[in-house]
Amino acid sequence: MQSRTLSRELALLMLGQTSDRADSPTSSSDPPLDVLLQQALASLSQHVREALDRSAEDLQTAQQQLLDSELQEQGVEQLPRVRQHLQDGLAAAEQALNRLSASLELPRLLLLADQEEVRRGAIDRAAAVIRQRPAIDRRLDAVMEGWRLGRLPRIDRDILRLAAVDLSEFGTPAAVACSEAVELANRYSDEQGRRMINGVLRRYTAAAAAGA
């Protein structure tokens, strides 16, 4: 489970360094897959550093909000303002702790990334997406409901493509493929992207099950 999850994340970072032309699944300008893997590992290391920096910033924000609540002038008329500062501080602290918890897991993942199983899984997934990208994109487009895959941010397209090959090539159960795609969106996309990915994959897996 852990190796598959990390393989998928590395494959996502690899895909982000390849061409995404609609008229061809491959490009002669793309680096070899083993080079892409090394670049993906470097990107993951950078992501670890940035996530830890954001956690530190969140904690500083939370500390300042809580301090502001303590420094507010006393009196009934000030209670709403004090309460708001306190709520903001607690919310920022919760966000910081959640981000820090996720960030502390990343260095261990970097160590696991040296395992041959993880590396091979990442290369195989990235290769499967590159090889089948036009066909995958057509299947995803068919369930977009008034939207086009090409209009999504590149990171969201690649998350969807990886989920599609997980289902078709790697025997991943639909519930697991959807869940892990959403986890990637939580880390690399935004709330809108997460909702879009979740909705598209639900329709995609339903269509695949109906056609089976």
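The values are calculated or read from the model by the stated rules, or taken from the named source; none is laboratory data. Keep in mind that what you see is a predicted model, and the values were worked out from it rather than measured. Cβ atoms come from the backbone with ideal geometry, glycine included; neighbour counts cover every protein chain shown.
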Consider residue 107 against the criteria (1) surrounded by 16 or more Cβ atoms within 10 Å (Cβ to Cβ); (2) at pLDDT below 90: it satisfies all of them except one. Which criterion is unmet? (1)
Selection count, the stretch 123-176, where residues are under 20 Å from the mean Cα position of the chain (by Cα) and assigned to a helix (DSSP H, G or I): 32
Which listed residue is modelled with pLDDT of 80 or more, buried (at least 17 other Cβ atoms within 10 Å of the Cβ) and among the acidic types (Asp, Glu), from 137, 124: 137
From the set of residues in the stretch 5-60 that are under 16 Å from residue 161 (Cβ atoms) and charged (D, E, K, R), which is modelled with the lowest pLDDT? 21
For the stretch 142-170, which residues satisfy the criterion of being surrounded by 21 or more Cβ atoms within 10 Å (Cβ to Cβ) and among the small types (Gly, Ala, Ser)? 163, 164
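Please tell me if residue 208 is at pLDDT below 90, surrounded by fewer than 19 Cβ atoms within 10 Å (Cβ to Cβ) and of a type in the set (A, V, I, L, M). Let's see the steps before the verdict.
On the way: at pLDDT below 90: yes; surrounded by fewer than 19 Cβ atoms within 10 Å (Cβ to Cβ): yes; of a type in the set (A, V, I, L, M): yes.
For residue 208, the condition - at pLDDT below 90, surrounded by fewer than 19 Cβ atoms within 10 Å (Cβ to Cβ) and of a type in the set (A, V, I, L, M) - is met.
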Is there any pair linking a residue in the stretch 171-185 that is crowded, with 19+ Cβ neighbours inside 10 Å to one that is small (Gly, Ala, Ser), with Cβ under 8 Å and at least six apart or on different chains, and which? 177/163; 178/163; 180/163; 181/163; 185/193
